[in-house]
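Beneath this line is the structure, given in structure tokens, with notes to follow.
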Amino acid sequence: MDGVRYDSIIVGGGIIGLSIGWRASQLGLSVLILEKGDPPDAASAAAAGMLAPVTETTFGEDALLQLNLESARRWKGFAEELSFAGGINLADHRRGILHIALDRDQSESLSRLFEYQQELGLQVQWLSSMACRRLEPALHPSTRAGILAQGDWAVDPRSVLDALRTVLRSAGATLRHGAVVTKVKSGPSPSVRLDTGETIEAGTVVIAAGPWSGQIPGIPSRVSRAVRPVKGQILRLRPAAPMPPPITQILRTEEVYLVPRPGGEIVAGATVEEKGFDTAATAGGVFELLRAAGELVPGIREMELVEVKAGLRPGTPDNAPLLGTVEPGLVMATGHFRNGVLLAPVTADGIAELLAKGDLPAELAGFDPRRFQE
Ligand code: GLY
């Protein structure tokens with residue numbers, strides 16, 4: 001026992017863990033964040049950072065859509081507060097996201113999606129081929145149509161992570177890297193044990209360890225079995241000097257998304273692979289992404305490939321996160337699957353409220369981690 005007791009110990013130093021730690025510290029709690037990576041290997045560092053609840057609307061996921069929309073509404077204030085407090089300009093991209101159909105099949109499925117988005121009252125606009133190419137002249141001439149989701153945008157998750165680490169420290173939270181948790185204990189005296197043999201006590205332990213959340217001994221098996229890793233390979237491309245970046249608009253098709261960063265880099269993602277904890281970059285993954293990106297924007301083929309990275313999303317059986325108390329003193333904040341960056345503000349606000357006041361706000365009530373039975 002090291003003798004120090006925290007109000008909250010958060011296991012996981014990705015965007016979810018750091019955001020909860022920040023909000024909990026702002027509510028006056030003493031917070032310790034334990035991150036196994038050194039430097040952190042969180043999936044958030046690989047992510048493209050799309051804040052795209054409308055573009056990524058999925059049939060039959062209406063409750064998750066409402067949570068995504070609520071978090072998207074909070075992102076602007078979250079980014080402004082973080083930029084100001086963290087002294088980092090979270091340069092963003094506010095021109096909407098354009099979802100493109102390149103052939104007849106894609107155009108038919110895009111039109112079904114458009115009808116569904118309209119039924120849901122979402123802010124979307126159907127654009128002809130010509131209107132798409134006026135907005136983004138670098139699009140392939142075979143572009144047939146597109147949906148513009150004007151309110152969707154993106155942040156750079158690496159800048160967000162840097163800003164969060166800065167604001168956390170100034171809020172008084174402690175962040176430990178290279179801290180591998182070997183056991184969590186719930187009940188009246190919650191604690192975590194580290195691979196160093198150290199045991200640290202807390203008022204509450206929060207598991208925000210992304211795809212690794214299910215691997216930590218001490219978590220009830222029905223909950224831990226609900227979280228699985230879903231691999232995503234993602235590329236970073238840079239214009240070959242002295243060329244300007246080919247696109248200024250965030251674009252996506254059924255197969256790939258392209259996110260231009262303010263400095264000229266373009267992020268192309270991402271594969272969706274059930275490969276366990278494997279994070280190898282593969283020739284096939286890179287090939288498929290580049291093929292789909294080149295079919296959407298031929299100018300991509302002239303860019304330099306500067307990074308290939310694989311991250312692991314925390315998937316769940318219903319694609320929705322696990323948010324809330326699972327046993328006394330043990331809270332889950334994981335399973336965000338494709339929406340970790342998007343869902344950071346609403347998760348952080350809600351879990352911090354649970355930690356400080358004992359109540360989970362209504363918007364998180366539908367995501368009880370105990371919904372998956374043995
Ligand atoms: N949100 C995009 C992805 O998971 O690839």
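The figures follow:
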{"quantity": "Shape box of the chain [Cα atoms, principal axes, largest first, Å]", "calculated": "65, 45, 39"}
{"quantity": "For segment 154-276, alpha-carbon Rg and Dmax in angstrom", "calculated": "19.9, 63"}
{"quantity": "Proportion of all alpha-carbon pairs of segment 139-204 beyond 19 Å (%)", "calculated": "64 percent"}
{"quantity": "Separation of alpha-carbon centers, segment 11-27 and segment 255-278, rounded to whole Å", "calculated": "25 Å"}
{"quantity": "In degrees, nearest ten, helix 104-119 long axis to first principal axis of the chain (Cα)", "calculated": "50 degrees"}
{"quantity": "Rg/Rg_ref, segment 1-80, where Rg_ref = 2.2 N^0.38 Å and atoms are Cα", "calculated": "1.36"}
{"quantity": "Translational diffusion coefficient (Stokes-Einstein; Kirkwood radius from C-alpha pairs) of segment 199-262 at 4 °C, 1.567 mPa s, in µm²/s", "calculated": "80 µm²/s"}
{"quantity": "Segment 205-345: mean projected area of Cα convex hull, nm²", "calculated": "9.6 nm²"}
{"quantity": "Among Gly335, Gly263, Leu296 the positive-end extreme of the charge dipole of segment 237-374 (Cβ point charges)", "calculated": "Gly263"}
{"quantity": "Karplus 3J(HN,Hα) series, Hz, for segment 164-170 with 6.51 cos²θ - 1.76 cosθ + 1.60 (x for Gly, Pro)", "calculated": "4, 4, 5, 5, 4, 5, 5"}
{"quantity": "Sparsely packed chymotrypsin sites (Phe, Trp or Tyr not before Pro) within segment 274-362, loop by DSSP, other Cβ within 10 Å at most 11", "calculated": "Phe277"}
{"quantity": "Lysine pairs with alpha-carbon atoms under 28 Å apart, the chain, spacing 8 or more or separate chains", "calculated": "14"}
{"quantity": "Computed over segment 238-290, Cα set: Rg, Dmax in Å", "calculated": "13.2, 41"}
{"quantity": "Principal axis dimensions, largest first and in whole angstrom, of segment 110-225 by Cα", "calculated": "64, 35, 25"}
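FYI, it's all coordinate maths here, none of it is from the lab. Predicted, not measured: the structure shown is a model, and the values here were computed from it. Don't worry about glycine lacking a Cβ; one is built from the backbone with ideal geometry, like all the others, and counts go over all protein chains shown.
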